[in-house]
1. Please pick out the residue among 116, 23, 93, 83 that is more than 30 Å from residue 150 (Cβ to Cβ), part of a helix (DSSP H, G or I) and in the same structural domain as residue 134 (by TED's automatic domain parsing).
2. From 56, 24, which residue is touching a Phe, Trp or Tyr at 6+ places or on another chain (Cβ under 8 Å) and either of a type outside the set (Phe, Trp, Tyr) or within 25 Å of residue 153 (Cβ to Cβ) (or both)?
3. Looking at region 49-56, can you tell me whether even one residue there is free of Cβ contacts under 8 Å to residues at least 40 places away in the same chain, closer than 28 Å to residue 144 by Cβ and surrounded by fewer than 21 Cβ atoms within 10 Å (Cβ to Cβ)?
4. Looking only at region 90-107, filter to residues that are more than 15 Å from the chain's Cα centre (by Cα) and of a type outside the set (D, E, K, R); which one of those is modelled with the highest pLDDT?
5. Would you pick out the residues in region 18-41 that are over 18 Å from residue 63 (Cβ atoms) and loosely packed, with under 13 Cβ neighbours inside 10 Å?
6. Could you tell me whether region 130-152 includes any residue that is in contact with a Gly (Cβ under 7 Å, 6 or more places away or on another chain) and not in a helix (DSSP H, G or I)?
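The values are calculated or read from the model by the stated rules, or taken from the named source; none is laboratory data. Note that the structure is a prediction, hence the values are computed from the model and not measured. Please note: Cβ atoms are built from the backbone with ideal geometry, for glycine as well, and neighbour counts cover all protein chains shown.
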Amino acid sequence: MFTLKPLSHEGIETALAKAERYRLLGEPNEAESICLDILAIEPANERAQISFILALTDQISQEEDSFDRAIEAITNLESPYHRAYYSGIAWERRAKAFCGSHERVSGGYVYDWIVRALKFFEEAERLRPSGDDSSIVRWNACVRFLERHKELEPVTEVARAPDFLE
């Protein structure tokens, strides 16, 4: 069988640039592979971790486990701000991937996922570095998404019939 070959530490910057290009070209699988190569030799490389998370969230509508893998990868981020921000990104992308899709996902779940994203963006806003309005930009995008999709409503629990004692 074939074995993976390790990258050199000197090649990491070029590999990161390629991963970003592949994401922009709509080839997140290729970006994911490159990020895995980088993380194999530099597990704490924050740029590679973030690019990996974004590549996974790019695949949510095609790959069933990509959301769970992204959430797991987010736990490896050192910065509480980045953990909150990229958690928001993952939940937002999950909601948007399934909104109006042919999958059997209730609009209530899509609504709840967007609300969860909003909570993470709110947390990220509190933790953000000065001058970084990324969490506000994403918050506003989620609010506008909900305004465009008024058909989405929160999941409502079905009330259980009470148990009667005989």
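1. It is 83.
2. Step by step, each of 56, 24 is checked, and only 56 is touching a Phe, Trp or Tyr at 6+ places or on another chain (Cβ under 8 Å) and either of a type outside the set (Phe, Trp, Tyr) or within 25 Å of residue 153 (Cβ to Cβ) (or both).
3. For region 49-56, residues free of Cβ contacts under 8 Å to residues at least 40 places away in the same chain, closer than 28 Å to residue 144 by Cβ and surrounded by fewer than 21 Cβ atoms within 10 Å (Cβ to Cβ): present.
4. Here the answer is 99.
5. Passing the criteria: 24, 40.
6. Within region 130-152 (the criterion being in contact with a Gly (Cβ under 7 Å, 6 or more places away or on another chain) and not in a helix (DSSP H, G or I)), the answer is yes, since at least one residue qualifies.
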